[in-house]
Amino acid sequence: MMVLTKKMIEIRGILQTVGQSDTLNLPSIVVIGSQSSGKSSVLEAIVGHEFLPKGSNMVTRRPIELTLVNTPDAQADYGEFPALGLGKITDFSSIQRTLTELNLAVPDSECVSDDPIQLIISSPHVPDLSLIDLPGYIQVVGHHQPLELKQKIVDLCDKYIQAPNIILAISAADVDLANSTALRSSRRVDPRGERTIGVVTKMDLVDAPRGLSILNDKKYPLRLGYVGVVLKVPNQTGPLWKKGSGSISTAIAKNENAYFSSHSVEFGSQAGVSVGTTILRKKLMQVLEQAMAASLQSTSTAIQQELEEATYEFKVQYNDRPLSAESYLAESLDSFKHSFKEFAEAFGRPQVRGILKHELDQKVLDLLAARYWNKPITDLTPPPAEPDTLASLPKADPESLYWHRKLDASSSALTKLGIGRLATTVVANAIQANVDRLISQSTFYSHPFARQAITDAASSILNERFYSTSDQVENCIKPYKFEVDVESAEWVEARQNVSSVLKSELLAVESATKAVETEVGGKRKLNDVVSFIEKCRAGSINIEGDGTAASGAGGFSSALLAKGREAAFLQERAALLKMRLLAVKSKQCATAKSKYQCPEVFLDAVSTKLTSTAVLFLNVELLTEFFYSFPRELDIRLGRNLSTTEVEKFAREDPKVKAHLEVIRRKELLELVLGKMEGLRELDVQEKTRRSSG
Ligand code: GDP
């Protein structure tokens with residue numbers, strides 16, 4: 001019953017997925033032999049396909065870990081390179097090409113590499129076997145090859161022919177066995193010949209009696225014996241076997257049988273020697289199965305140890321805290337939704353109002369600058385006989401149509417600004433910025449995929465609501481486009497508010513002036529430039545052209561002049577703001593009657609009305625909708641819509657989580673494997689009892 005090898009190969013496969021393949025020192029059959037001894041032919045006869053790299057150049061530079069899997073129900077034979085993820089390859093010439101490429105990827109300077117290539121071949125015609133193909137021993141180093149190549153190959157092979165591996169030592173019949181490098185190597189590590197199988201190829205190249213004497217060799221006795229084979233594929237283009245067209249085993253076996261039966265005296269059943277590929281396969285299966293059985297105990301122990309280590313790590317580092325990719329995602333999502341809920345509760349009408357009002361304050365300042373404060377401020381020339389502090393107040397005539405139109409135009413510029421879009425954009429941006437902030441404070445921060453999903457969820461809802469919200473807002477502020485009445489309470493509030501807006505604008509201008517001062521290298525220098533510019537403006541000095549010439553003017557570089565102009569502008573603006581601040585605070589602006597003289601207060605009142613109306617609708621159309629839909633959208637994008645693989649990938653993006661998950665997985669798999677091993681050991685015991693009693 002040959003189940004052990006199959007099961008053990010399966011187990012090795014499981015352990016490889018947790019990177020624990022070294023734990024399981026499963027016995028393999030290691031194939032060694034000199035170049036051209038027929039090593040590849042032996043392997044291909046076992047597999048039934050031509051798949052190994054061929055060529056005069058040394059083509060095997062890396063060990064090939066070849067796993068054969070017997071699949072009774074498979075429709076076709078196929079190979080897989082688990083490390084490459086190329087999927088199932090049914091075209092064996094393509095496998096051959098891939099192997100060639102993988103070998104040639106080892107640079108000449110390195111000669112050979114001990115990084116193995118893994119190849120799994122599944123077929124109903126192969127036995128379950130684990131084989132390792134190694135570079136062939138070379139006798140003389142070719143002139144294109146590095147000198148140390150010979151030794152490097154020997155070292156590489158030595159690494160693999162250690163116990164518990166079985167050595168398949170290939171020698172050609174037409175070379176004296178005493179000269180067989182394969183046998184000499186195997187003797188060094190297996191002097192009593194206990195785990196070496198001798199394969200003698202090219203039996204057809206020596207006469208039959210000589211062939212017989214080789215197989216009966218007494219000089220190098222091997223407990224597992226010698227097998228003679230003839231691997232010449234007859235007439236490669238003939239009807240028996242066409243290159244690349246399925247199994248070559250039958251063709252080889254036919255040819256081999258023909259040869260051995262034509263020499264039945266030497267090789268017939270009476271002769272007592274083993275010949276033929278079929279016998280060789282059976283022998284390999286039996287020997288490997290026995291080796292597997294022998295290694296059961298030690299492997300179990302090794303796995304047990306690994307398991308204890310994983311359990312310990314889990315306890316010490318993770319406090320036995322269970323975790324799965326799913327639970328990690330669910331917890332992360334819950335806590336994110338929780339923090340979002342907190343935000344939603346804190347982000348209501350007052351907050352939206354604040355954001356929007358601030359935006360409109362800026363627009364009002366722009367309007368004032370453009371329509372009232374621009375130079376020359378002729379319209380704002382001070383009345384002659386007023387107290388000092390009011391020296392610079394505007395002399396606006398409340399009866400004049402000019403002032404009426406000016407205020408109407410300013411107010412309507414504000415109401416027709418496109419408040420709907422502006423308000424929606426500003427609030428949507430604020431929401432998006434807050435979502436970004438929440439992400440950066442959450443576990444999702446270290447997960448690019450989730451970050452994107454959340455950002456997309458937010459922007460998709462906001463985009464969807466955008467047009468209807470801005471239309472609604474625009475519709476509702478429509479009345480203000482025709483007329484705005486400001487009541488006295490509103491005036492008082494506006495007066496207070498605009499004062500602080502002007503104050504903070506003044507602060508901003510002053511700090512900008514300071515910044516320019518530092519940039520040019522001090523107050524004095526700046527003053528020099530500014531006064532120069534003022535003289536130019538007054539006409540007492542004439543700057544060539546407009547003063548932007550690279551050469552500059554008045555001993556100042558053009559960059560300095562530019563800074564000077566900037567400072568001059570800021571200084572004027574500061575003076576103006578101070579003047580208007582005084583005006584707003586003065587008695588003259590105390591009531592709504594003076595709206596023509598105090599456009600700052602009036603426009604602030606208008607912007608407050610616009611804000612309040614907009615906020616009402618933003619709240620219903622945007623905020624409430626968003627707060628309702630966003631958590632649901634998250635559930636869809638980060639919950640239901642994700643496949644198990646995506647969830648797994650997500651969780652592993654965080655190295656800490658990845659390590660935690662891996663310990664758990666390793667532990668679980670080792671437990672699983674250990675269970676399987678126990679089962680196999682019981683099976684093995686039963687088998688032995690059955691055999692000894694039967
Ligand atoms: P490797 O270098 O050890 O892999 O050897 P190959 O398997 O490539 O074989 C070397 C050469 O010997 C090839 O031309 C094979 O066709 C030939 N060859 C292998 N086995 C036999 C055999 O049993 N009889 C004969 N006549 N030729 C063989």
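Would it be correct to say that residue 508 is under 48 Å from the mean Cα position of the chain (by Cα), open to solvent by less than 60 Å² (accessible area, probe 1.4 Å) and at pLDDT 90 or above? Spell out the reasoning first.
Details: under 48 Å from the mean Cα position of the chain (by Cα): yes; open to solvent by less than 60 Å² (accessible area, probe 1.4 Å): yes; at pLDDT 90 or above: yes.
It is true that residue 508 is under 48 Å from the mean Cα position of the chain (by Cα), open to solvent by less than 60 Å² (accessible area, probe 1.4 Å) and at pLDDT 90 or above.
Taken over the range 31-41, the criterion of being more than 6 Å from the ligand (Cβ to nearest atom) and either surrounded by fewer than 24 Cβ atoms within 10 Å (Cβ to Cβ) or of a type in the set (Lys, Arg) (or both) is satisfied by 34 alone. Note on the range 596-620: residues that are open to solvent by less than 30 Å² (accessible area, probe 1.4 Å) and either among the charged types (D, E, K, R) or within 14 Å of residue 419 (Cβ to Cβ) (or both) total 12.
In the range 68-88, which residues are surrounded by 13 or more Cβ atoms within 10 Å (Cβ to Cβ) and either over 28 Å from the mean Cα position of the chain (by Cα) or closer than 12 Å to residue 123 by Cα (or both)? Those that are surrounded by 13 or more Cβ atoms within 10 Å (Cβ to Cβ) and either over 28 Å from the mean Cα position of the chain (by Cα) or closer than 12 Å to residue 123 by Cα (or both): 68, 69, 70, 71, 74, 77, 78, 79, 80.
Yes/no per residue for (1) modelled with pLDDT under 90; (2) within 25 Å of residue 512 (Cα to Cα); (3) not hydroxyl-bearing (Ser, Thr, Tyr):
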residue	(1), (2), (3)
539	yes, no, yes
543	yes, no, yes
561	yes, yes, yes
616	no, no, yes
624	no, no, no
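If you go through the range 1-29 and keep only what is open to solvent by less than 20 Å² (accessible area, probe 1.4 Å), modelled with pLDDT of 85 or more and farther than 20 Å from residue 79 by Cβ, you end up with 4, 8, 11, 27. Among the residues of the range 42-67, those that are open to solvent by less than 10 Å² (accessible area, probe 1.4 Å) and touching a strand residue (DSSP E or B) at 6+ places or on another chain (Cβ under 9 Å) comprise 42, 43, 46, 47, 48, 51, 52, 63, 64, 66. For the range 243-251, the count of residues that are at pLDDT 85 or above, among the basic types (Lys, Arg) and either open to solvent by 30 Å² or more (accessible area, probe 1.4 Å) or assigned to a helix (DSSP H, G or I) (or both) is zero.
The values are calculated or read from the model by the stated rules, or taken from the named source; none is laboratory data. Since the structure is predicted, the reported quantities are computational estimates derived from the model, not experimental observations. Heads up, the Cβs are rebuilt from the backbone with ideal geometry, glycines too, and the neighbour counts pull from every protein chain shown. We work out accessible area using only protein heavy atoms, side chains counted, and drop any ligands, DNA or RNA first. Shrake-Rupley method; radii C 1.70, N 1.55, O 1.52, S 1.80 Å.
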